[in-house]
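Undergrad: Quick one: structure below, then a few questions.
The values are calculated or read from the model by the stated rules, or taken from the named source; none is laboratory data. Quantities reported herein were computed from a predicted structural model and do not represent experimental measurements. FYI the Cβ positions are ideal-geometry reconstructions off the backbone, even for glycines, and counts take in every protein chain you see.
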Amino acid sequence: MNASTLTKSLEFLIDELPEIAPLDEYHRALVSHVHPMNWQNPEPPPRHNLVVIGAGTAGLGARGALVEKRLIGGDCLNVGCMPSKALLRAARAYADPRDAESYGVGVPAGVTVDFPAVMGRMRQLRAKITTHGSAKRFQSMGADVFLGEARFTGPEIIEVDGRTLRCKQAVIATGARAVAPPTFLLLGE
Ligand SMILES: Cc1cc2nc3c(=O)[nH]c(=O)nc-3n(C[C@H](O)[C@H](O)[C@H](O)COP(=O)(O)OP(=O)(O)OC[C@H]3O[C@@H](n4cnc5c(N)ncnc54)[C@H](O)[C@@H]3O)c2cc1C
């Protein structure tokens, strides 16, 4: 795949995965780890002992087949635990000099926040960490990694990206979505 094809494909991927915008060097690195564009799904064996649907925190580490439709690492690695801590650390870096006087420490006035730089640092750290949670790494640990949406078509049959996976057991580790209780909805947006 040459560079221009990759750029086009990544731009196309943004429609499905808006969380990879902007397409800077860090997001390109992230995608190359957790949703590689040139990934070849393996030829499935006649039957897997275990198929895990969803490569978030709950699904990672399984031996057998691992299926992920978006980004390996799920919420925790890509939008939750890890990125939020990078932002909290930046908030602390801002708050410490702001509050320093109360500790008897004088700091010259004029502490500012460069929010794009804060986000850039977060993307850089996240891209680095995803080398530990990459498709290649899980493959090297013995998992058959499939990128695509898994769908049951029978009690022991799962379709992914035109391939049929047969399994003795399956784990559905597809995450959760927040639901606002009806009473709260009355409060409006
Ligand atoms: C801002 C924020 C901060 C957080 N901080 C922390 C923290 O500090 N500590 C902590 O313990 N927790 C934290 N969490 C919670 C943590 O992110 C979640 O508990 C964790 O990600 C849940 O993992 P999971 O594997 O169950 O689900 P997910 O991470 O949602 O993974 C499920 C995966 O399944 C995939 N999937 C869904 N359907 C299919 C399908 N049909 N085929 C293939 N793949 C599919 C999805 O694409 C997804 O990647 C935080 C969450 C947020 C939002």
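Rundown of residues vs (1) assigned by TED's automatic domain parsing to the domain that holds CYS167; (2) hydrophobic (A, V, I, L, M, F, W, C), yes/no style:
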{"position": "SER9", "(1), (2)": "no, no"}
{"position": "GLU19", "(1), (2)": "no, no"}
{"position": "LEU23", "(1), (2)": "no, yes"}
{"position": "SER32", "(1), (2)": "no, no"}
{"position": "PRO45", "(1), (2)": "yes, no"}
{"position": "LEU50", "(1), (2)": "yes, yes"}
{"position": "ALA55", "(1), (2)": "yes, yes"}
{"position": "GLY59", "(1), (2)": "yes, no"}
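Undergrad: For the subset of segment 155-184 comprising residues that are in a loop (DSSP other than H, G, I, E, B) and among the small types (Gly, Ala, Ser), which member is farthest from ILE53 (Cα to Cα)?
TA: ALA180
Undergrad: Of everything in segment 57-97 that's of a type in the set (Ser, Thr, Tyr) and surrounded by 13 or more Cβ atoms within 10 Å (Cβ to Cβ), which residue is nearest to the ligand (Cβ to nearest atom)?
TA: Among them, the one singled out is THR57.
Undergrad: Out of all the residues in segment 138-145, is one or more at pLDDT below 95 and on the phi > 0 side of the Ramachandran plot?
TA: There is at least one residue in segment 138-145 that is at pLDDT below 95 and on the phi > 0 side of the Ramachandran plot.
Undergrad: Do the conditions hold for PRO18, that is, is it under 30 Å from MET141 (Cα atoms) and either away from the ligand (no atom under 14 Å from the Cβ) or surrounded by fewer than 15 Cβ atoms within 10 Å (Cβ to Cβ) (or both)?
TA: Here the answer is yes, as PRO18 does meet what is asked.
Undergrad: Looking at PHE152, PHE146, which is the one that is in the same structural domain as ALA58 (by TED's automatic domain parsing), in contact with a Pro (Cβ under 8 Å, 6 or more places away or on another chain) and either farther than 22 Å from SER32 by Cα or outside any loop (DSSP other than H, G, I, E, B) (or both)? Walk me through how you get there before you give the answer.
TA: Details: PHE152 fails: in contact with a Pro (Cβ under 8 Å, 6 or more places away or on another chain).
None of the other options fit; the residue is PHE146.
Undergrad: Out of GLY120, GLY142, which single residue is surrounded by fewer than 16 Cβ atoms within 10 Å (Cβ to Cβ) and in contact with a Gly (Cβ under 9 Å, 6 or more places away or on another chain)?
TA: GLY142
Undergrad: Any residue in segment 116-126 that is farther than 24 Å from LEU13 by Cβ, in a helix (DSSP H, G or I), away from the ligand (no atom under 14 Å from the Cβ) and at pLDDT 95 or above?
TA: Within segment 116-126, one or more residues are farther than 24 Å from LEU13 by Cβ, in a helix (DSSP H, G or I), away from the ligand (no atom under 14 Å from the Cβ) and at pLDDT 95 or above.
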